[in-house]
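Asks: Just dropping this structure here.
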Amino acid sequence: MRRRAAAAALGLAPILLAPGAGAAAQPPGRELSGGYSSLRLGGERLGGGSLALSWPLRGKLRLCAEATLHGGRSEGEDLAEQALLFGPSLAPRAGRRLRPFAHVRAGLMRSRRQLEVFGVAIGREGVCDGGCPWRFGVAGEVGGGLDLRLLRRLAVRLPQLDFQLTSAGEARSRLRVSAGLVWRWTGPAPVP
């Protein structure tokens with residue numbers, strides 16, 4: 001009896017000890033990630049946050065939706081930006097402790113610039129009653145990052161770097177850096 005158990009354990013050892021074996025055997029699941037995000041405009045940075053949800057499509061391909069919010073001072077004015085972006089993501093090493101990923105996203109963005117003086121909002125058009133209007137536009141970004149799995153379902157998103165182009169307000173390109181936590185849970189198997 002002990003010999004059979006030892007033989008079975010030795011037979012399973014390479015499978016159990018292989019990097020990512022337990023996680024690779026599970027079907028890919030959904031992911032919820034969120035954390036701090038910093039947007040660099042020229043020489044200035046706007047702090048904010050991001051929240052993303054992704055789910056498997058086929059193989060290593062995933063679909064991701066991300067909402068971001070940034071605010072701060074830029075060019076002497078208060079700037080607020082919100083974006084909702086969608087697109088495919090590729091995670092070639094699912095199930096490993098370190099998992100790189102790359103993505104391309106497009107969506108909508110709104111931006112508002114104003115300067116408040118004694119509670120009165122002043123924008124580029126002049127005095128705004130009740131706050132300056134939001135400017136809407138399209139946005140796109142390309143980027144990627146690296147996740148470090150801590151537990152079976154929990155990972156840390158170390159760096160995520162995105163090059164972003166938007167037409168909200170005036171057309172401009174910028175760099176966005178974010179980091180945070182990723183929670184994974186198993187969902188239905190992807191379409192074969």
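Asks: Find the residue count for the range 151-179, including only residues that are among the acidic types (Asp, Glu) and either part of a strand (DSSP E or B) or in contact with a His (Cβ under 7 Å, 6 or more places away or on another chain) (or both).
Replies: 1
Asks: Quick test of your reading of the structure: residue 69 fulfils all but one of (1) part of a strand (DSSP E or B); (2) more than 17 Å from the chain's Cα centre (by Cα). Name the failing condition by number.
Replies: Looking at each condition in turn, residue 69 falls short on (2).
Every residue, every condition in (1) touching an Asp or Glu at 6+ places or on another chain (Cβ under 7 Å); (2) exposed (fewer than 14 other Cβ atoms within 10 Å of the Cβ); (3) in a strand (DSSP E or B), yes or no:
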{"site": "81", "(1), (2), (3)": "no, no, yes"}
{"site": "87", "(1), (2), (3)": "no, no, yes"}
{"site": "92", "(1), (2), (3)": "no, yes, no"}
{"site": "96", "(1), (2), (3)": "no, no, no"}
{"site": "102", "(1), (2), (3)": "no, yes, yes"}
{"site": "107", "(1), (2), (3)": "no, no, yes"}
{"site": "114", "(1), (2), (3)": "yes, no, yes"}
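Asks: What are the residues in the range 48-79 that are under 20 Å from residue 167 (Cα atoms) and either surrounded by fewer than 15 Cβ atoms within 10 Å (Cβ to Cβ) or among the aliphatic types (A, V, I, L, M) (or both), if any?
Replies: Listed by number, the residues that qualify are 65, 67, 69, 73, 75, 79.
Asks: Residue 148: surrounded by fewer than 15 Cβ atoms within 10 Å (Cβ to Cβ), of a type outside the set (Gly, Ala, Ser) and part of a strand (DSSP E or B), yes or no?
Replies: It is true that residue 148 is surrounded by fewer than 15 Cβ atoms within 10 Å (Cβ to Cβ), of a type outside the set (Gly, Ala, Ser) and part of a strand (DSSP E or B).
Asks: Tally time: how many residues in the range 64-86 are farther than 17 Å from residue 137 by Cα and either at pLDDT 95 or above or touching a Cys at 6+ places or on another chain (Cβ under 6 Å) (or both)?
Replies: The qualifying residues number 2.
Asks: Let me ask something else. Identify all residues within the range 127-183 that are of a type in the set (S, T, N, Q) and under 24 Å from residue 53 (Cβ atoms); write none if there are none. Give the steps one after another, and end with the answer.
Replies: Within the range 127-183, the first condition is being of a type in the set (S, T, N, Q), and the residues that meet it are 160, 164, 166-167, 173, 178.
Across the range 127-183, the qualifying residues are 160, 164, 166, 178.
The values are calculated or read from the model by the stated rules, or taken from the named source; none is laboratory data. Worth saying up front: this structure is predicted, and the values here are computed from it rather than measured. Neighbour counts are summed over all protein chains in view; Cβ atoms, including those assigned to glycine, are modelled from backbone coordinates with ideal geometry.
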